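Data first, discussion second: the structure below is written as structure tokens.
The values are calculated or read from the model by the stated rules, or taken from the named source; none is laboratory data. Quantities reported herein were computed from a predicted structural model and do not represent experimental measurements. Because the Cβ atoms are built from the backbone with ideal geometry, glycine has one as well, and the counts that use them run over all protein chains shown.
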């Protein structure tokens, strides 16, 4: 079978490191020119969106669940210090060991040290975006540890030398024929078909021996329960359960914001998470464990609690809500921008609307400043968010911070956007200035107006508009001129 | 009934026919309209681009200007959303107590056009005639910020000879987003292409909305691509009668 | 840190201790004064809005019908039986499966180990032995009708977590009296928070390739449920 027919022009390897990734508008260009990738993304999120919409409609108390989920998360954050300590005490009492990592480097080193104590040269992993955030895999590989991702999507990416483009369905930009090509090449399966059943079976076989033989696992946490010191992992395939039961040692990496006050809070969270994430009433498997249970599962259990910028987000009242996020990805599925660009354009493991607010904040606003502007502010993300994060509000706050950073820079002096905004503000302060500008603009626009009464091409920043849209010529009479003339006639 | 018209800066400059239609519509319904000549902009463009101080001074200006108004009518859903959703935060952060009080007093008197017609005047049938196929683009601000719901459809249903053409994915953004359309011009254009496809597929002659900013975006692409469809603000449809049809149709 | 177990590497390093203080200090100063007027976090917690549905409204029959419907939507096979013919029903399910070797938790009712099959009771079975079982039979703690979820607390009759994971075929015995309508009602049944929980909603599945739902990636591909109509 030839797969040349489906081959795409080589895409640049996506750079998801906010320190080096190109700004959003630039990173989006190669994707916008890739019809296959855009088709894959649109298809996948249209399917999830439709399923989610159906299940949310069926749930009569959806808005009440959202309110409760939002309030529980907010309360957990407001008392985070106390809940983290309670979690640590309970988890430790149950036989777990809690480590604290202030930043990515410390978390990576802590995990590597633990692996060295285990003499682990191989490790199996449950999908965790937090590990992608701290770029754990390349670090461990460079230190001589072979890392095996076990989530089907993560295997596709790992074997295909690709990067995640979505936080729940990380390989949604890859279609079945591309998966077939990757698996055939990397697993040595020449006769593999592109039937998803066959591809899934190939992954099952590929991983079975790894699950049975590799005694060390790394995973993330959907929730930490302060009251009990328990950890919960939400998944579909059973790879999580494999990693949580077969190995000797389990290492959980979790952001400090993942804490819930009590076990019972899961009655809300588990109702909103799967419905929002995959459009299911409940995901196939959710596991909860507490420290170490003799005779059942890993007998050594470590939790690494990661700050990495979270405490500074916590300190800002308007932005704090960012940390309520439960990583369901409903916002990216609903986002019309994400639908066009997919995830790689965001230059971060956290794409979409939540990524547009989370990434620059994790970077302490020193990088990824283009992301708060990567939104038309349509509000679809806020509408679907199960924990009611007002993403547009945070986007606006971050935009203001970026402008405050940049506006006094020398380079912005002649930046048409900054210049235009300053001039526009001067005009809007006095009606006479505004009216004068309208008259001058009407004269100026004549230079660009074609015979059909439309402007087809503008210079400078206006060219960004006219590259795909015309602009109707300015009327010979503004509304206020018409109004004044009418009043005059009436008198 | 007395009402003061905030026409908005871009309608004043680029879409005066919408303003004229609002006047003829509301006067036909017996509203005594007033227009404050010193009005300029609500501050939305600056607020949405991160220029918060500038947005604040424009917002303050608007609140002072309409202090005396009995009712303010605004034929632009995004500007109404700016006032309702962003002014409170701006005034909380940058304003003083007296400004906050003035704003609190003004806010309940601010209406988007379809809200004014249905909630305030209690009319659905405004006596309009518009013998064309029309599809309604529910702008993001209309749907998710103002929750206009079925108001626009109820108004359209009562227009004589008008055929409504339902728009699939009606709540999906057209990609305008103010300065987003130039800062992220390519992504904005990709969103626009998808939206336009849905709109053109309705087979309508006109695409209408309660926000000329979306319509400027959609209309600009329609003209560029010769799709043979026009945009028209809902006010112009509602103002249209057999005796004096909408300007866009003649 | 004195409460940690004495396994190698179970004490966090000194760097972790410094970071612990740094992080907690930063967190405390970040949230200082955000208690919304509540003196204690517990008071604020108690005041959280919980206006969502906490109790079902269906009749007992409708609740069971919903449980069955939702399980079947996940492609689970469900049969009903009376307590008197449970053993016969188990036998019928096992026979129909065409499989022969079955794992069972050590605390499973011995009547359920119907003769004619090769039973591997979990008296410290090795992973390889569990892997060799073609199927597994267990009891469960609860069923949640709203989402078609089976909840295991891994009691002796429910088995270790791995037992219901490796075999490709899983038969779960669910009593009608264990079925609640809504998820909050399950939480109400937990008098103490459990130490281990597995919530199972249908067979293992993935939709990672073009959103096409595929049954059975790593967990059991076949989920069978016998709903025993005991006293409700």
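Below are the figures for this structure:
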{"item": "All positions within segment C:180-195 that are part of a loop (DSSP other than H, G, I, E, B) and either closer than 18 Å to residue C:145 by Cβ or more than 7 Å from chain A (Cβ to nearest Cβ) (or both)", "result": "C:181, C:182, C:190, C:191, C:192, C:194"}
{"item": "Test: residue in segment C:51-68 that is surrounded by 13 or more Cβ atoms within 10 Å (Cβ to Cβ), free of Cβ contacts under 8 Å to residues at least 24 places away in the same chain and out of contact with any strand residue (DSSP E or B) (no Cβ under 9 Å at 6 or more places or on another chain)", "result": "yes"}
{"item": "Residue within segment B:27-37 that is crowded, with 22+ Cβ neighbours inside 10 Å and either within 30 Å of residue A:403 (Cα to Cα) or in contact with a helix residue (DSSP H, G or I) (Cβ under 8 Å, 6 or more places away or on another chain) (or both) present", "result": "no"}
{"item": "Residue under evaluation residue C:150, criteria (1) touching a strand residue (DSSP E or B) at 6+ places or on another chain (Cβ under 8 Å); (2) within 12 Å of chain A (Cβ to nearest Cβ); (3) in a loop (DSSP other than H, G, I, E, B), criterion not met", "result": "(3)"}
{"item": "Test: residue A:282 is crowded, with 24+ Cβ neighbours inside 10 Å and facing chain C (nearest Cβ under 8 Å)", "result": "yes"}
{"item": "Residue list for segment B:1-40, restricted to those being touching a strand residue (DSSP E or B) at 6+ places or on another chain (Cβ under 6 Å) and at the interface with chain A (Cβ under 7 Å from one of its Cβ atoms)", "result": "B:35"}
{"item": "Residues that are touching a strand residue (DSSP E or B) at 6+ places or on another chain (Cβ under 9 Å) and surrounded by fewer than 23 Cβ atoms within 10 Å (Cβ to Cβ), drawn from segment C:182-196", "result": "C:185, C:188, C:189, C:190, C:193, C:194, C:195, C:196"}
{"item": "Yes/no for residue C:198 being within 13 Å of residue C:141 (Cα to Cα) and in a loop (DSSP other than H, G, I, E, B)", "result": "no"}
{"item": "Test: residue C:8 is modelled with pLDDT of 70 or more and either assigned to a helix (DSSP H, G or I) or within 7 Å of chain A (Cβ to nearest Cβ) (or both)", "result": "no"}
{"item": "Wholly enclosed helices (runs of 4 or more DSSP H) of segment A:133-235 bearing at least 3 residues within 14 Å of chain C (Cβ to nearest Cβ) and more than 30 Å from residue A:90 (Cβ to Cβ)", "result": "A:152-159, A:176-187, A:196-213"}
{"item": "Entirely in segment A:327-441, the helices (runs of 4 or more DSSP H) that have 2 or more residues that are under 28 Å from residue A:458 (Cβ atoms)", "result": "A:336-341, A:391-406, A:416-429"}
{"item": "Selection count, segment C:89-119, where residues are within 24 Å of residue C:155 (Cα to Cα) and in a helix (DSSP H, G or I)", "result": "8"}
{"item": "Qualifying residue in segment B:106-113 (condition: within 30 Å of residue A:417 (Cα to Cα), under 14 Å from the mean Cα position of the chain (by Cα) and more than 13 Å from chain A (Cβ to nearest Cβ))", "result": "yes"}
{"item": "Whichever residue in segment A:101-116 is within 7 Å of chain C (Cβ to nearest Cβ) and either under 24 Å from the mean Cα position of the chain (by Cα) or at pLDDT below 95 (or both) and, among such residues, is farthest from residue A:248 (Cα to Cα)", "result": "A:102"}
{"item": "Filtered residues of segment A:50-72 (kept if part of a helix (DSSP H, G or I) and within 13 Å of residue C:50 (Cα to Cα))", "result": "A:62, A:63, A:64, A:65, A:66, A:67, A:68, A:69, A:70, A:71, A:72"}
{"item": "Restricting segment C:164-179 to residues that are more than 12 Å from the chain's Cα centre (by Cα) and either facing chain A (nearest Cβ under 8 Å) or more than 20 Å from residue C:65 (Cβ to Cβ) (or both), the residue that is surrounded by the fewest Cβ atoms within 10 Å (Cβ to Cβ)", "result": "C:168"}
{"item": "Selection within segment A:422-447 - over 21 Å from residue B:64 (Cβ atoms) and touching a helix residue (DSSP H, G or I) at 6+ places or on another chain (Cβ under 6 Å)", "result": "A:437, A:438"}
{"item": "Candidates B:148, B:155 - the one that is part of a loop (DSSP other than H, G, I, E, B) and touching a helix residue (DSSP H, G or I) at 6+ places or on another chain (Cβ under 8 Å)", "result": "B:148"}
{"item": "Complete set of residues in segment A:412-434 that are more than 8 Å from every other protein chain (Cβ to nearest Cβ) and closer than 21 Å to residue A:455 by Cβ", "result": "A:416, A:419, A:420, A:423"}
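Conditions (1) within 20 Å of the chain's Cα centre (by Cα); (2) crowded, with 19+ Cβ neighbours inside 10 Å, marked per residue:
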| position | (1), (2) |
| --- | --- |
| C:70 | yes, yes |
| C:77 | yes, no |
| C:82 | no, no |
| C:95 | no, no |
| C:106 | yes, no |
| C:122 | yes, yes |
| C:126 | no, no |
| C:138 | yes, yes |
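A quick yes/no check of all residues on (1) touching a strand residue (DSSP E or B) at 6+ places or on another chain (Cβ under 9 Å); (2) over 26 Å from residue A:257 (Cβ atoms); (3) surrounded by 22 or more Cβ atoms within 10 Å (Cβ to Cβ):
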position	(1), (2), (3)
A:381	no, no, yes
A:387	no, no, yes
A:400	no, no, no
A:409	no, yes, no
A:413	no, yes, no
A:417	no, yes, no
A:425	no, yes, no
A:431	no, yes, no
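Yes or no, residue by residue, for (1) closer than 25 Å to residue A:134 by Cβ; (2) without any contact (Cβ under 8 Å) to a residue 60 or more places away in the chain; (3) in the same structural domain as residue A:386 (by TED's automatic domain parsing); (4) surrounded by fewer than 23 Cβ atoms within 10 Å (Cβ to Cβ):
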position	(1), (2), (3), (4)
A:294	no, yes, no, yes
A:301	yes, no, no, no
A:306	yes, no, no, no
A:319	yes, no, no, yes
